[in-house]
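Below is one structure; the comments refer to it alone.
Each reported figure results from applying straightforward, stated rules to the coordinates on display, with no laboratory input. Just so it is clear, the structure is predicted and the values come from calculations on it, not from any experiment. No Cβ is skipped: glycine too gets one built from the backbone with ideal geometry, and neighbour counts run over all protein chains shown.
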Amino acid sequence: MESKIIHGDCYEELKNIKENSIDLIITDPPYGIDFYRAYKKNKEKIVGDSGFEVMVFLDELLSELNRVLKEGGAIYWFTRFDVYPFLFIKMNRYFTIKNQIIWHKGIETTGMGDRKGNYANNYESIIFAVKGRHILRKTICGAVWSFKLSKNKNNFTEKPVDIIKEIIEYSSDRGDTVLDPFVGCGVLSVGKRGGA
């Protein structure tokens with residue numbers, strides 16, 4: 001099997017993907033929180049991460065993801081605690097939400113946010129949802145996963161290869177087609193299984 005990167009606007013490119021052709025979707029879209037690293041001198045921002053930019057097209061995006069995902073397929077959607085409730089309501093219109101996986105980042109503290117007036121942001125949520133009946137390929141485990149952060153200093157939101165690999169092994173077979181409509185810098189292609 002081959003890996004294929006399509007460069008373009010995901011809202012437009014998804015329309016070119018054949019109906020019921022995707023076995024698994026793993027995605028880490030902008031969270032809609034207008035995120036930037038305040039302690040960095042240049043205050044790096046994520047382009048297109050305002051709540052309006054992310055949320056206004058969410059129904060269109062979810063409808064297209066549902067269209068391309070096969071019956072029995074799964075979707076794993078990375079998000080945050082304060083975005084999760086809104087996403088839950090939206091995603092529940094298009095998929096059956098099975099669980100919230102908590103990804104503990106393998107650290108007890110991080111440098112982001114209010115470092116004196118809040119608890120450390122050391123976890124992320126992953127919405128696990130399905131289209132029809134989805135069967136896990138490995139022995140069932142708990143919904144709290146511990147994986148260390150990626151060490152890529154050029155992309156501070158990159159997910160570790162190991163967590164992507166775990167998702168692929170739990171929810172796809174060798175040769176399946178895995179879609180990431182917000183590929184970032186391509187972790188999914190590194191964590192692929194049998195070219196999926």
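Take the Cα of Tyr11, step 7 Å toward its Cβ, do the same at Lys98, and the gap between the two points is 3.0 nm. Each peptide among 20-27, 90-97 gets the average number of other Cβ atoms lying within 10 Å of its residues, and from highest to lowest they stand as 20-27, 90-97.
Net length available on complete extension from Thr139 to Phe57 is 25.9 nm, with 0.36 nm assigned per residue and the Cα-Cα distance removed.
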